[in-house]
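Please read the structure below before turning to the comments.
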């Protein structure tokens, strides 16, 4: 069992190295990133934060409940149950620590018990039910991504509804942020070269199509929230639309950043530029053309442009 | 026509393809045979332009890639994409508008289920169907019969004959000799990245006998089966 956890540790280290980050820096960034995201969540959603945080914790643990993975572990490790409990407790630990820091003591035993109970859950093929998606016409990012994250949208819409009920505008903005954060994750997956090679398009047209599809579908998913907030907080309409525009810019940046590294995953330099864009949005004016030109260079080889 | 001249391919220092010279003509079916690792898939990837190489690959088609249907030995599928969406994706990529995908489902595939949950043979059939519906001029099929049931085998063979009738160029590999002898006009033999033989249809029986002799040799006796 000790070897298993050592292996997990080594695999995590390799991911940092592959991303171009020194291992120690990687862990520090991960820690500060987690603290920042937690603080941000609690500062924006005062009422629902602890519930959302609990759900996020359980969501992280659920990733370990894949049936194939568990069948493999069960066949190799005698102490399978112990291993799974330790594994889930490690994943849930940062959430427990933050609950402790926030003094939300009641949620600590709840999240621990639920995390341990999650070791009994295995997502099997029955869960493989084909989830309907409105994005079938232009696969794959949104059709695949929506199926993986569909449950986030009712939560985001509920958060928006709650923001209107309690008159908390920031909470409404958070729901838009949540929707876009989920949609950005659709572009984290690097598809096999075959799926780019197949396109009978120039590099430029390929990128335009990807961006058009991404923007259209993202507006479609965020429209109910934007519309509801626009009506309820009409004095803040300008701010809502600016927030939407920045989110769209960010989506475009992520699409271009992905193809600027293609067929590899995004590396540290791209990550730093994106992070700069988040901190200082006007930087997008420089970042977007840069990523665009880099993407064209990468795609020309594959598309024989 | 696809013309390959003095094609070399290296992975690092390892020579994977060595001085390949072949012409593939319109309306003909070509087989490529060779042991595992002989360079068949690499050759196909070079033709498709998925691998950098030394030498010339030219075609009378303006941009070969855009008219080439490529079926890999193990087609890759996203985890949550249905068969229908996969076909849609590949058709969209080529700008082909498909009106009714279900009507064209000749293999009776469960198109509304996730492609990743299909069996090996079903995945192969889906990959083949998607590539055929792209309306290409040339096709490369890497092991099209691999894992496919006997009924579908018959259909695939007939499809290949039909493609020939339509004047398409088909290049394929297979480890089942009969599937090649049934369909091909010519067979090329690769050995350790070198093109060692070109065999015309009239000599296929001869080639099969020779392959058996060379491949099997006295290996069965070495097992000393009792």
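The values are calculated or read from the model by the stated rules, or taken from the named source; none is laboratory data. None of the values given here were measured: they were computed from a predicted structure. With ideal geometry, Cβ positions are generated from the backbone for all residues, glycine too; neighbour counts draw on all protein chains shown.
Quick one: how many residues across the stretch A:207-243 are over 20 Å from residue A:153 (Cα atoms) and surrounded by 15 or more Cβ atoms within 10 Å (Cβ to Cβ)?
Result for the stretch A:207-243: 6.
Checking residue B:114 against (1) surrounded by 14 or more Cβ atoms within 10 Å (Cβ to Cβ); (2) out of contact with any strand residue (DSSP E or B) (no Cβ under 7 Å at 6 or more places or on another chain); (3) within 20 Å of residue A:144 (Cβ to Cβ), only one condition comes out false. Which one?
(2)
Limited to the stretch A:97-121, what total is found for residues that are free of Cβ contacts under 8 Å to residues at least 24 places away in the same chain and not in a loop (DSSP other than H, G, I, E, B)? Outline the logic, then answer.
Restricting attention to the stretch A:97-121, the residues satisfying the condition of being free of Cβ contacts under 8 Å to residues at least 24 places away in the same chain are A:97, A:100-101, A:103, A:105-106, A:108-109, A:112-113, A:117, A:120.
With the extra rule that they be not in a loop (DSSP other than H, G, I, E, B), the set shrinks to A:97, A:100-101, A:108-109, A:112-113, A:117, A:120.
The total comes to 9.
What about residue A:30, is it within 27 Å of residue A:261 (Cβ to Cβ), within 17 Å of the chain's Cα centre (by Cα) and surrounded by fewer than 18 Cβ atoms within 10 Å (Cβ to Cβ)? Lay out the reasoning, then the answer.
Values: within 27 Å of residue A:261 (Cβ to Cβ): yes; within 17 Å of the chain's Cα centre (by Cα): yes; surrounded by fewer than 18 Cβ atoms within 10 Å (Cβ to Cβ): yes.
Here the answer is yes, as residue A:30 does meet what is asked.
Please work out which one of (1) touching a residue at least 40 places away in the same chain (Cβ under 8 Å); (2) closer than 21 Å to residue B:34 by Cβ is the condition residue B:217 fails and give its number.
Among (1) touching a residue at least 40 places away in the same chain (Cβ under 8 Å); (2) closer than 21 Å to residue B:34 by Cβ, residue B:217 violates only (1).
Just to be sure, is residue A:246 surrounded by fewer than 22 Cβ atoms within 10 Å (Cβ to Cβ) and in a helix (DSSP H, G or I)?
Here the answer is yes, as residue A:246 does meet what is asked.
Residues checked against (1) more than 28 Å from residue A:5 (Cβ to Cβ); (2) at pLDDT 90 or above; (3) more than 14 Å from chain B (Cβ to nearest Cβ):
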position	(1), (2), (3)
A:50	yes, no, yes
A:59	no, no, yes
A:65	no, no, yes
A:93	no, yes, yes
A:97	no, yes, yes
A:115	no, yes, yes
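Tell me, which strands (runs of 3 or more DSSP E) wholly within the stretch B:133-220 include 2 or more residues that are on the phi < 0 side of the Ramachandran plot, modelled with pLDDT under 95 and surrounded by fewer than 15 Cβ atoms within 10 Å (Cβ to Cβ)?
B:194-200
Looking at (1) within 25 Å of residue B:166 (Cα to Cα); (2) buried (at least 21 other Cβ atoms within 10 Å of the Cβ); (3) in contact (Cβ under 8 Å) with a residue 40 or more places away in the chain, can you tell me which one residue B:88 breaks?
(3)
Hey, can you tell me all the residues within the stretch A:1-46 that are touching a helix residue (DSSP H, G or I) at 6+ places or on another chain (Cβ under 7 Å), within 19 Å of residue A:96 (Cα to Cα) and not in a helix (DSSP H, G or I)?
The one that is touching a helix residue (DSSP H, G or I) at 6+ places or on another chain (Cβ under 7 Å), within 19 Å of residue A:96 (Cα to Cα) and not in a helix (DSSP H, G or I): A:45.
Which residue out of A:275, A:257, A:228 is away from chain B (no Cβ under 14 Å), within 27 Å of residue A:44 (Cβ to Cβ), without any contact (Cβ under 8 Å) to a residue 12 or more places away in the chain and part of a helix (DSSP H, G or I)?
A:275
Residue under question is residue A:139, and the condition is that it be at pLDDT below 90, away from every other protein chain (no Cβ under 11 Å) and touching a helix residue (DSSP H, G or I) at 6+ places or on another chain (Cβ under 8 Å); does it hold?
Considered against the rule, which asks whether it is at pLDDT below 90, away from every other protein chain (no Cβ under 11 Å) and touching a helix residue (DSSP H, G or I) at 6+ places or on another chain (Cβ under 8 Å), residue A:139 comes out as no.
Please go through the stretch B:100-120 and pick out each residue that is away from every other protein chain (no Cβ under 11 Å), over 29 Å from residue B:64 (Cβ atoms) and either at pLDDT 95 or above or touching a helix residue (DSSP H, G or I) at 6+ places or on another chain (Cβ under 7 Å) (or both).
Of everything in the stretch B:100-120, just one residue is away from every other protein chain (no Cβ under 11 Å), over 29 Å from residue B:64 (Cβ atoms) and either at pLDDT 95 or above or touching a helix residue (DSSP H, G or I) at 6+ places or on another chain (Cβ under 7 Å) (or both), namely B:118.
Does residue B:126 satisfy being assigned to a helix (DSSP H, G or I), in contact with a helix residue (DSSP H, G or I) (Cβ under 8 Å, 6 or more places away or on another chain), within 9 Å of chain A (Cβ to nearest Cβ) and touching a residue at least 40 places away in the same chain (Cβ under 8 Å)?
Details: assigned to a helix (DSSP H, G or I): yes; in contact with a helix residue (DSSP H, G or I) (Cβ under 8 Å, 6 or more places away or on another chain): yes; within 9 Å of chain A (Cβ to nearest Cβ): no; touching a residue at least 40 places away in the same chain (Cβ under 8 Å): yes.
Judged against the criteria, residue B:126 is not a match.
Pick from B:51, B:25: which is within 14 Å of chain A (Cβ to nearest Cβ) and touching a strand residue (DSSP E or B) at 6+ places or on another chain (Cβ under 8 Å)?
Unique residue meeting the criteria: B:51.
When the stretch B:89-99 is examined, which residues are found to be over 16 Å from residue B:67 (Cβ atoms) and in contact with a helix residue (DSSP H, G or I) (Cβ under 6 Å, 6 or more places away or on another chain)?
B:98
Suppose we keep only residues that are away from chain B (no Cβ under 11 Å) and part of a helix (DSSP H, G or I) within the stretch A:143-157. Which one would you say is surrounded by the fewest Cβ atoms within 10 Å (Cβ to Cβ)?
First, the residues of the stretch A:143-157 that are away from chain B (no Cβ under 11 Å): A:151-157.
Filter once more, so that each one left must be part of a helix (DSSP H, G or I): A:152-157.
Working: A:152: 18, A:153: 19, A:154: 9, A:155: 17, A:156: 22, A:157: 17.
Of everything passing the filter in the stretch A:143-157, A:154 is surrounded by the fewest Cβ atoms within 10 Å (Cβ to Cβ).
Only residues that are within 8 Å of chain A (Cβ to nearest Cβ), in contact with a strand residue (DSSP E or B) (Cβ under 8 Å, 6 or more places away or on another chain) and under 25 Å from residue B:5 (Cα atoms): list them for the stretch B:56-99, please. If you could, list the steps in order and put the result at the bottom.
From the stretch B:56-99, those within 8 Å of chain A (Cβ to nearest Cβ) are B:63, B:65-66, B:70, B:72, B:76, B:78-82, B:84-86, B:88-90, B:92-95; that's our starting set.
If we keep only those that are in contact with a strand residue (DSSP E or B) (Cβ under 8 Å, 6 or more places away or on another chain) as well, we get B:70, B:72, B:79-82.
Once the filter is applied, which keeps residues that are within 8 Å of chain A (Cβ to nearest Cβ), in contact with a strand residue (DSSP E or B) (Cβ under 8 Å, 6 or more places away or on another chain) and under 25 Å from residue B:5 (Cα atoms), the stretch B:56-99 yields B:70, B:72.
Within the stretch A:189-210, work out how many residues are more than 13 Å from every other protein chain (Cβ to nearest Cβ) and under 17 Å from the mean Cα position of the chain (by Cα).
0
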